[in-house]
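Q: The structure's right below; bear with me while I get my questions together.
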Amino acid sequence: EGLVQVENLTKVYDPDGANVTAVQDMDLHIGDNEFVTVLGPSGCGKSTLLECIAGYLEPTSGSVVVDGADVSEPDPSRGVVFQENRLFPWKTIGENVRFGPTVRDDSEVDQDRVEELLDKTGLEQFEDAYPNELSGGMQQRAELSRLLANDPEIMLMDEPFSGLDAMTKELMQEMLLEIWDDENRTVMFITHDVEEAIFLADRVVVMTARPGQVKGVIDVELDRP
Ligand code: ADP
Ligand code: ADP
């Protein structure tokens with residue numbers, strides 16, 4: 001049955017009465033442990049799809065089910081990484097990971113796990129540093145550690161590497177695949193970069209220009225690192 005079932009999803013924005021159909025009649029299934037990329041031109045509705053799965057947006061029609069339950073609000077089990085990190089600037093990297101993406105400091109993560117996660121993203125030396133002391137790539141690595149600290153069922157990633165230079169991006173892609181494999185995670189990763197979509201995924205879902213619909217699906221055979 002799979003972890004995520006998006007059925008007949010339509011999302012219409014209504015700014016000042018001007019209806020914008022961002023996603024139309026979209027179906028998408030994501031299985032456990034799958035790495036799915038969603039590829040399409042800018043403005044085709046990728047973020048809208050992701051935000052419906054995350055629970056930030058309410059579908060106009062259709063349904064989004066994750067792990068057997070209708071999605072109605074954001075939940076740490078569906079962790080999101082955006083292009084811009086959402087680290088708390090007044091907390092150290094270690095504290096950001098320990099407390100996860102919540103302002104309420106009530107969901108503390110085990111110190112061993114914090115260290116393990118910083119190790120996996122190569123930030124073991126930076127536990128006491130503040131986000132603004134880190135490069136853009138390192139900040140995204142910290143964001144990745146923080147996301148994993150919540151033990152998410154699915155990692156929802158919205159062009160997380162598109163602000164990075166080419167070499168950093170490649171390193172980040174390889175790191176993400178290692179983590180995905182090592183931790184048995186499920187990932188939906190949005191990008192408009194064809195190479196990135198094919199390099200990362202088991203399955204590439206290609207979207208049409210707005211209104212976003214599934215144009216086709218590419219099954220990728222590849223050797224994992
Ligand atoms: P993508 O992630 O593929 O770039 P988006 O999901 O961000 O696409 O946007 C899809 C379409 O919906 C675009 O035409 C965008 O301008 C429009 N859109 C997105 N958010 C809003 C909003 N809050 N209000 C009105 N239109 C929106
Ligand atoms: P992305 O980089 O994922 O394509 P955008 O830069 O298009 O995202 O949009 C950033 C934010 O602005 C999103 O939250 C989106 O919903 C919102 N947005 C995008 N287009 C519009 C629009 N035409 N009107 C209002 N909000 C929009």
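The values are calculated or read from the model by the stated rules, or taken from the named source; none is laboratory data. As the structure is a prediction and not an experimental result, all values here were calculated from the model. Please note: Cβ atoms are built from the backbone with ideal geometry, for glycine as well, and neighbour counts cover all protein chains shown. For accessibility, only protein heavy atoms count, side chains too; no ligands or nucleic acids. Shrake-Rupley method; radii C 1.70, N 1.55, O 1.52, S 1.80 Å.
Q: Which residues, taken from the range 62-88, are over 21 Å from Ala22 (Cα atoms), open to solvent by 70 Å² or more (accessible area, probe 1.4 Å) and of a type in the set (Ser, Thr, Tyr)?
A: none
Q: Can you tell me which of Tyr56, Tyr130 is among the aromatic types (Phe, Trp, Tyr), at negative phi, open to solvent by 50 Å² or more (accessible area, probe 1.4 Å) and within 16 Å of ligand 2 (Cβ to nearest atom)?
A: Tyr56 is the lone residue from the list that is among the aromatic types (Phe, Trp, Tyr), at negative phi, open to solvent by 50 Å² or more (accessible area, probe 1.4 Å) and within 16 Å of ligand 2 (Cβ to nearest atom).
Q: Here is a further query. So if I check each of Ala22, Ala18, which one is aliphatic (A, V, I, L, M), free of Cβ contacts under 8 Å to residues at least 24 places away in the same chain and within 16 Å of ligand 2 (Cβ to nearest atom)?
A: Ala18
Q: May I ask you to list pairs of residues, at least six apart or on different chains, whose Cβ atoms are under 7 Å apart, with the first in the range 39-63 being closer than 24 Å to Pro152 by Cβ and the second being in a helix (DSSP H, G or I) and within 7 Å of ligand 1 (Cβ to nearest atom)?
A: As it stands, the answer is Gly40/Lys46; Leu57/Thr48, since those pairs meet every condition given.
Q: What number of residues in the range 182-225 are in a loop (DSSP other than H, G, I, E, B), at pLDDT 95 or above and among the hydrophobic types (A, V, I, L, M, F, W, C)?
A: Residues meeting the conditions: 0.
Q: Let me ask something else. Could you please tell me which pairs satisfy a Cβ distance under 6 Å, a separation of 6+ or placement on different chains, a first residue in the range 133-152 that is more than 16 Å from Arg185 (Cβ to Cβ), and a second residue that is in a helix (DSSP H, G or I)?
A: Cβ pairs passing all conditions: Gly137/Thr168; Gln139/Pro131; Ala142/Ile93.
Q: Scan the range 190-218 and report the pairs whose first residue is within 14 Å of Glu159 (Cβ to Cβ) and more than 13 Å from ligand 2 (Cβ to nearest atom) and whose second residue is of a type outside the set (A, V, I, L, M) and modelled with pLDDT of 85 or more, with Cβ atoms within less than 7 Å and a gap of 6+ or a chain change.
A: Listed by first residue and then by second, the contacts come to Glu196/Gln173; Ala197/Thr37; Ala197/Thr191; Leu200/Phe35; Leu200/Thr37; Leu200/Gln173; Leu200/Phe189.
Q: Also, quick follow-up: From Phe35, Phe99, which residue is away from ligand 1 (no atom under 14 Å from the Cβ) and either within 16 Å of the chain's Cα centre (by Cα) or open to solvent by less than 10 Å² (accessible area, probe 1.4 Å) (or both)?
A: Sole residue among the options that is away from ligand 1 (no atom under 14 Å from the Cβ) and either within 16 Å of the chain's Cα centre (by Cα) or open to solvent by less than 10 Å² (accessible area, probe 1.4 Å) (or both): Phe35.
Q: Does the range 39-46 contain at least one residue that is under 16 Å from the mean Cα position of the chain (by Cα), crowded, with 22+ Cβ neighbours inside 10 Å, charged (D, E, K, R) and assigned to a strand (DSSP E or B)?
A: Among the residues of the range 39-46, not one is under 16 Å from the mean Cα position of the chain (by Cα), crowded, with 22+ Cβ neighbours inside 10 Å, charged (D, E, K, R) and assigned to a strand (DSSP E or B), which makes the answer no.
Q: Something else now. Here's a check for you: in the range 10-32, which residue that is of a type in the set (A, V, I, L, M) and closer than 19 Å to Met157 by Cα is nearest to ligand 1 (Cβ to nearest atom)?
A: Ala22
Q: Search the range 188-203 for residues being within 13 Å of ligand 1 (Cβ to nearest atom) and open to solvent by 10 Å² or more (accessible area, probe 1.4 Å), and hand back the single one that is farthest from Gly43 (Cα to Cα).
A: Asp193
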